[in-house]
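Heads up: the structure comes next, in structure tokens.
The values are calculated or read from the model by the stated rules, or taken from the named source; none is laboratory data. None of these values were measured; they are calculated from a predicted model. For neighbour counting, all protein chains shown are included, and Cβ atoms are generated from backbone atoms with ideal geometry for every residue, glycine included.
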Amino acid sequence: MDVIVCVKQIPDPETKLRVAASGKSYDPDGVKFTIVNTYDEATVEEALRMKEEFGFGAVRTVTVGPARSEEALRHTLAMGADEAVLVETPPNAVLDPLLVARILSAVIKDMPHDLVMVGKHAQDDEAGQVGSALGEYLGLPSYAFVTGLTPDSGAHVLKMARYVEGGEEAFGGPFPAVVSLLKGVKDPRTPTLPNILKARKKPLKKIPLPEALAKVGALPGAGNPTSETLAFTLPPPRAGAKMIEGQTPEEQVEKLLKSLKEEAKVL
Amino acid sequence: MTLNIIVVTDQRDGTLKGASRESLSEARRVVARAGGGDVVACLVGHNLGKAAEEARHSGASRVLVVDDEKLKAFSAAGYAHAVGLVAAKVPAPHVFLAPDTTMGRELLPRLGARIGGSVATAVTSIAPEADGSLTVQRKVFGGRATETLRLRGTPVITLRPNAFGIDASPASDPPVENVPLGDLPAVAQGVQVTNFTSTRGDTPDLTEAQIVVSGGRGMKTAENFVLVENLAKTLGAAVGASRAVVDAGWRPASFQVGQTGKTVQPQLYLAFGISGAIQHLVGITNSRCIVAVNKDPAAPIFKVADYGVVGDAMTVLPLLTKALTKQ
Ligand SMILES: Cc1cc2nc3c(=O)[nH]c(=O)nc-3n(C[C@H](O)[C@H](O)[C@H](O)COP(=O)(O)OP(=O)(O)OC[C@H]3O[C@@H](n4cnc5c(N)ncnc54)[C@H](O)[C@@H]3O)c2cc1C
């Protein structure tokens, strides 16, 4: 059973954002990038956990991103992934999520994949489209908001849990499949120094974007590329809370309720 | 330019979710601004009688239903196929909308990939353009920035719940049109739900609630958390928690708000004894009004809150509950 995990390197969630000169994205200059998107890291962990528990074959990680994304892939290799593939995009390219899914599908088709896994969404664009779209492009079932999975290789089904509004569903479905993970069973492991060193020598294949796009071929539907970013804007900085003062807690509560009713009009 | 908007509703538990009615309301507004067209409620699933009846009175001008035992368990592949059958009964140009519930978020990107559409998720505004395209806005980076997108071709959009509002539905009363499913495609077969554990209790769902009352580590003990729940009950609110509370085992993971929990979008978010770590904040920044009660005047949550009270949660909570019960 071979697993592919799609990952993305994103700006550190606490990094200060500035708008790029184009006005259409954030300015990557001076931005600190996290090693890998939290949900994707949890997904890599889940894949490695299953590999260890169920004796899977290889775990391979794939990303579509600029050259710096190699760092994210090396991190997944240090966690324990066996191989990695980087589809290298120009430094500031903003790709539509469906196009990313299409590129990933073209690359994944050439790799063994009993299971393709993605994190719920990337914490930068928060699109959350890639898993379901990958399912469609690969002609596989897709399952999302999954919070844990166990493969039954004999019956060729995955036993899973998923979040739905108001509760949690236990469900099963066939694989090969694409699974979007909300969270895994375990917290992601921290790579050890020997594993970080080992990861430097693990295979990491680079595919230039044009080569990947050539594999993609014509996109379905008439109006492609699909969405165009017109603007990226930052809200005015928050003024900070209006502090409710008072001699006693009673007075504070009274003033708070008055503000919520008369000023904010939310009660 | 007229647009026919197909609203894929969510009625996982048999009744039309509020977020689905909100999507139908917004569809009406967009159609009106665009210069006309149909608002088609598209219901996919099994045992949809009640929800279809509700859809007839929620602003749809047509109600198309694919009701089949084979659709009892949700699967993105199966439901995308069924939505395609509905779309075939509606004249182009199409726009697809759905509420950004777990179902909408899983289904619409698959549908978008299938039909070569132009997909945007969790949008907070929709403006029709003269050429038939749509301009939408959505929050990114945990609410720290906004993205404005132009969607051409066939727009496929999920709507952030509570971002649009529900209008009183006009008096339209379309008949229910049944669309036969036929066979499910192979890729959509074999999904089975074996168990459902409800976390709802008698409070509204976190992701749908108009008011959320949350407690953090500052509540000190599992027992004190009852104070949070009492206030929530008085307000008809949902109960949330920080990860510290879940990690301490005071409340189950289904209560967790934030990056690895749920994203909420209420009118009012009340946080008691929560410091305001970035991982918590990304789950709450879509709230219209945030109130923080914390004994530390330097707690970071006061930077994002609209109203702050420096005080002891254990004192303030019962006072609030009492004041609100009296009314
Ligand atoms: C990968 C990752 C994912 C995470 N995901 C999430 C997530 O989804 N959700 C989440 O919430 N966290 C998440 N966290 C954890 C997050 O970083 C914080 O640790 C957590 O939110 C802290 O919870 P807290 O505010 O309840 O506790 P603390 O940070 O300990 O804050 C307690 C607060 O209570 C106040 N206080 C104490 N006593 C009182 C009193 N009597 N009255 C009033 N106030 C009082 C204190 O002043 C303090 O501000 C995540 C962390 C990581 C690394």
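Any residue that is surrounded by fewer than 19 Cβ atoms within 10 Å (Cβ to Cβ) and at pLDDT 95 or above - is there at least one of those in the range A:28-37? Looking through the range A:28-37, none of the residues is surrounded by fewer than 19 Cβ atoms within 10 Å (Cβ to Cβ) and at pLDDT 95 or above. Inside the range B:270-301, residues that are modelled with pLDDT of 95 or more and either facing another protein chain (nearest Cβ under 7 Å) or under 15 Å from A:Met243 (Cβ atoms) (or both) make up a count of 15. A single member of B:Leu48, B:Leu97, B:Leu111 is free of Cβ contacts under 8 Å to residues at least 40 places away in the same chain and closer than 28 Å to B:Leu206 by Cα, and it is B:Leu48. What helices (runs of 4 or more DSSP H), lying completely within the range B:1-116, carry at least 2 residues that are away from chain A (no Cβ under 14 Å) and within 28 Å of B:Gln192 (Cβ to Cβ)? Answer list for the range B:1-116: B:49-56, B:76-87. Which of the residues belonging to the range B:262-309 are hydrophobic (A, V, I, L, M, F, W, C), surrounded by fewer than 20 Cβ atoms within 10 Å (Cβ to Cβ) and either assigned to a loop (DSSP other than H, G, I, E, B) or over 24 Å from the mean Cα position of the chain (by Cα) (or both)? Across the range B:262-309, the qualifying residues are B:Ala277, B:Ala298. Note on the range B:302-327: residues that are more than 8 Å from every other protein chain (Cβ to nearest Cβ) and within 27 Å of B:Thr207 (Cβ to Cβ) total 4.
With (1) within 21 Å of A:Asp187 (Cβ to Cβ); (2) out of contact with any helix residue (DSSP H, G or I) (no Cβ under 9 Å at 6 or more places or on another chain); (3) away from chain B (no Cβ under 14 Å) as the list, and A:Asp12 as the residue in question, which single condition is left unmet? In the conditions (1) within 21 Å of A:Asp187 (Cβ to Cβ); (2) out of contact with any helix residue (DSSP H, G or I) (no Cβ under 9 Å at 6 or more places or on another chain); (3) away from chain B (no Cβ under 14 Å), A:Asp12 misses (3) alone.
Identification of strands (runs of 3 or more DSSP E) wholly contained in the range B:173-239 with 1 or more residues that are closer than 30 Å to B:His57 by Cβ and in contact with a helix residue (DSSP H, G or I) (Cβ under 7 Å, 6 or more places away or on another chain) yields B:176-178, B:211-215. Hey, any hits in the range B:256-264 for a residue that's among the charged types (D, E, K, R), more than 7 Å from the ligand (Cβ to nearest atom) and under 21 Å from A:Ala241 (Cα atoms)? The answer is no, given that none of the residues of the range B:256-264 is among the charged types (D, E, K, R), more than 7 Å from the ligand (Cβ to nearest atom) and under 21 Å from A:Ala241 (Cα atoms). When A:Lys16 is tested against (1) among the basic types (Lys, Arg); (2) free of Cβ contacts under 8 Å to residues at least 40 places away in the same chain; (3) surrounded by 19 or more Cβ atoms within 10 Å (Cβ to Cβ), just one condition goes unmet, and that condition is (3).
Of all residue pairs spaced 6 or more apart or on separate chains, those with beta-carbon atoms under 7 Å, a first member in the range A:74-103 that is over 12 Å from A:Pro203 (Cα atoms) and a second member that is hydroxyl-bearing (Ser, Thr, Tyr) and in a helix (DSSP H, G or I) are A:Ala101/A:Tyr137; A:Arg102/A:Tyr137.
Restricting A:Lys183, A:Lys242, A:Lys205 to residues that are under 19 Å from B:Asp306 (Cβ atoms) and either at the interface with chain B (Cβ under 7 Å from one of its Cβ atoms) or of a type in the set (D, E, K, R) (or both) narrows the list to A:Lys242. When B:Leu48 is tested against (1) hydrophobic (A, V, I, L, M, F, W, C); (2) modelled with pLDDT of 95 or more; (3) surrounded by fewer than 21 Cβ atoms within 10 Å (Cβ to Cβ), exactly one condition is not met: (3). Would you please name the residue that is farthest from B:Ala76 (Cα to Cα), looking only at residues in the range B:117-153 that are assigned to a loop (DSSP other than H, G, I, E, B) and within 7 Å of chain A (Cβ to nearest Cβ)? Filtering first and then ranking leaves B:Arg144.
Counting residues in the range A:124-146 that are surrounded by 24 or more Cβ atoms within 10 Å (Cβ to Cβ), touching a strand residue (DSSP E or B) at 6+ places or on another chain (Cβ under 7 Å), more than 23 Å from A:Ala20 (Cα to Cα) and among the acidic types (Asp, Glu) gives zero.
Restricting attention to the range B:244-253 and to residues that are surrounded by fewer than 20 Cβ atoms within 10 Å (Cβ to Cβ) and not hydrophobic (A, V, I, L, M, F, W, C), the residue that is nearest to the ligand (Cβ to nearest atom) turns out to be B:Asp247. Of the residues making up the range A:132-158, those that are under 22 Å from B:Ala80 (Cα atoms), part of a strand (DSSP E or B) and of a type outside the set (A, V, I, L, M) are A:Ser142, A:Tyr143, A:Phe145.
Only one of the numbered conditions (1) touching a Phe, Trp or Tyr at 6+ places or on another chain (Cβ under 6 Å); (2) touching a residue at least 60 places away in the same chain (Cβ under 8 Å) is violated by A:Lys186, and that is (1).
What residue, of A:Gly173, A:Gly135, A:Gly131, A:Gly148, is more than 7 Å from chain B (Cβ to nearest Cβ) and at negative phi? Exactly one residue qualifies, and that residue is A:Gly131. Looking across the range B:187-239, the residues that are within 15 Å of the ligand (Cβ to nearest atom), touching a residue at least 24 places away in the same chain (Cβ under 8 Å) and away from chain A (no Cβ under 14 Å) come down to B:Ser214, B:Gly215, B:Gly216, B:Arg217, B:Gly218, B:Met219, B:Lys220, B:Thr221, B:Ala222, B:Asn224, B:Phe225, B:Val228.
Taking the criterion of being at pLDDT 90 or above and either among the small types (Gly, Ala, Ser) or surrounded by 24 or more Cβ atoms within 10 Å (Cβ to Cβ) (or both), the residues of the range B:1-15 that qualify are B:Ile5, B:Ile6, B:Val7, B:Val8, B:Thr9, B:Asp10. Here B:His57 passes the criteria (1) in contact with an Asp or Glu (Cβ under 8 Å, 6 or more places away or on another chain); (2) buried (at least 22 other Cβ atoms within 10 Å of the Cβ); (3) within 14 Å of B:Pro174 (Cα to Cα); (4) not basic (Lys, Arg) except the one numbered (2). When the residues of the range B:275-289 are narrowed to those that are β-branched (Val, Ile, Thr) and in contact with a helix residue (DSSP H, G or I) (Cβ under 6 Å, 6 or more places away or on another chain), which ends up farthest from the ligand (Cβ to nearest atom)? Among residues in the range B:275-289 that are β-branched (Val, Ile, Thr) and in contact with a helix residue (DSSP H, G or I) (Cβ under 6 Å, 6 or more places away or on another chain), the one farthest from the ligand (Cβ to nearest atom) is B:Thr285.
Can you find, within the range B:298-320, the residue that is farthest from the ligand (Cβ to nearest atom) among those that are in contact (Cβ under 8 Å) with a residue 60 or more places away in the chain and closer than 10 Å to B:Phe272 by Cα? That would be B:Leu317.
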